[in-house]
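Participant: Quick one: the structure is below, questions incoming.
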Amino acid sequence: MSMSMMEIEKTLKQLRLSGVRATLETRLIESQASSLSFLETFSALLQDELDRRQSRLLERRYQLSGLEERASLAEFDWGYNPKIPKRTCFELHTLKFIAEGDSALLIGQPGTGKSHIAKAIAYSALRSGLRVLYGEADELLANLAQGASADKRKLLKPVIDADLLVLDDLFLARHLPAEAADALQSILHKRYKLRRSSLITSNRIIEDWHKFLGDAALTTAILDRLLHRSVLLEFRGKSYRLKEAASRLAKATHPE
Ligand SMILES: Nc1ncnc2c1ncn2[C@@H]1O[C@H](COP(=O)(O)OP(=O)(O)OP(=O)(O)O)[C@@H](O)[C@H]1O
Ligand SMILES: [Mg+2]
């Protein structure tokens, strides 16, 4: 006895085959319209299930990663600040540095695209199936520094486990509280030992880090590990935010 369409739908639901359930009707019509064999239709349905699972997995990983935008290098205007190390940015975007366990520091003037490029690399890593954790550095470190130790451990686990950790806009707030500076040191030390990649962006030059960390020995400990296996990218140029602001102003004063 073959099942009715409603029974098939119910069974697919029970079996959690939502990809097949979503496309069954289309595939059925297609198979009749194009006189497809059973195997052709069956494999198309299996592929639909795989595709749906893949995109759901990616979506779940994206939600957990802390990324709030899907940045890419495609929309980046390389002509705006020609001194930006374009080749190294693309090299990082290939993700080879993650396989090597290397880190990257993107340092330079505000609005020159450091965060944009870091987010594009992070999104590319996420799409390739790696575990990514993105956070605005000051906020992430403050969260890790406060709270009960059980909560801290829970928060710390994904920070250590991630294949790629992005700490964006480090030292945006001029001064890092002592507990947050300790958290930074501990995270980078653990990740260094595990050979896991970290990507840090900051508009504070490395020579000034001791001022924001408030401790020379701690600064040396952090930089020693960070610079041992890493690429340093310098971002020199004018702020793209000013360009965006100028074009908004022009539109407001001369509306079409
Ligand atoms: N060359 C560029 N082409 C296109 N968009 C750009 C470019 N540079 C920066 N932007 C855009 O300008 C805005 C500011 O860039 P971003 O936040 O990456 O700068 P930043 O170097 O991280 O600055 P800060 O040091 O202040 O954190 C973002 O919206 C970014 O997408
Ligand atoms: Mg930034």
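Participant: Here is a list of conditions, (1) among the charged types (D, E, K, R); (2) under 26 Å from the mean Cα position of the chain (by Cα); (3) away from ligand 2 (no atom under 16 Å from the Cβ), and LYS114 meets all of them except one; can you say which number that is?
Facilitator: (3)
Participant: Please verify whether region 122-130 includes one or more residues that are touching a residue at least 40 places away in the same chain (Cβ under 8 Å) and within 16 Å of ligand 2 (Cβ to nearest atom).
Facilitator: Checked region 122-130: at least one residue is touching a residue at least 40 places away in the same chain (Cβ under 8 Å) and within 16 Å of ligand 2 (Cβ to nearest atom).
Participant: Then there is this: Can you go through LEU176, LEU218, LEU233, LEU223 and tell me which one is surrounded by 13 or more Cβ atoms within 10 Å (Cβ to Cβ), closer than 21 Å to LEU106 by Cα and under 21 Å from the mean Cα position of the chain (by Cα)?
Facilitator: On the way: LEU176 fails: under 21 Å from the mean Cα position of the chain (by Cα); LEU218 fails: under 21 Å from the mean Cα position of the chain (by Cα); LEU223 fails: under 21 Å from the mean Cα position of the chain (by Cα).
Going through LEU176, LEU218, LEU233, LEU223 in turn, the sole match is LEU233.
Participant: State which residue pairs qualify: first residue farther than 20 Å from VAL231 by Cβ and inside region 193-214, second residue of a type outside the set (A, V, I, L, M) and outside any helix (DSSP H, G or I) in any location, beta carbons under 7 Å apart, and separation of 6 or more residues or different chains.
Facilitator: Going by the 7 Å Cβ cut-off, the qualifying pairs are PHE212/PHE171; PHE212/ARG174; PHE212/HIS175; PHE212/ARG204; GLY214/HIS175.
Participant: Which of the residues that make up region 166-200 are over 16 Å from LEU213 (Cα atoms), more than 16 Å from ligand 2 (Cβ to nearest atom) and aliphatic (A, V, I, L, M)?
Facilitator: Listed by number, the list holds a single entry, LEU194.
Each value in this text was obtained by applying a stated rule to the coordinates, not by laboratory testing. Since we're looking at a predicted model, the values are computed, not measured. Cβ coordinates were reconstructed from backbone atoms using ideal geometry, including for glycine residues, and neighbour counts include every protein chain displayed.
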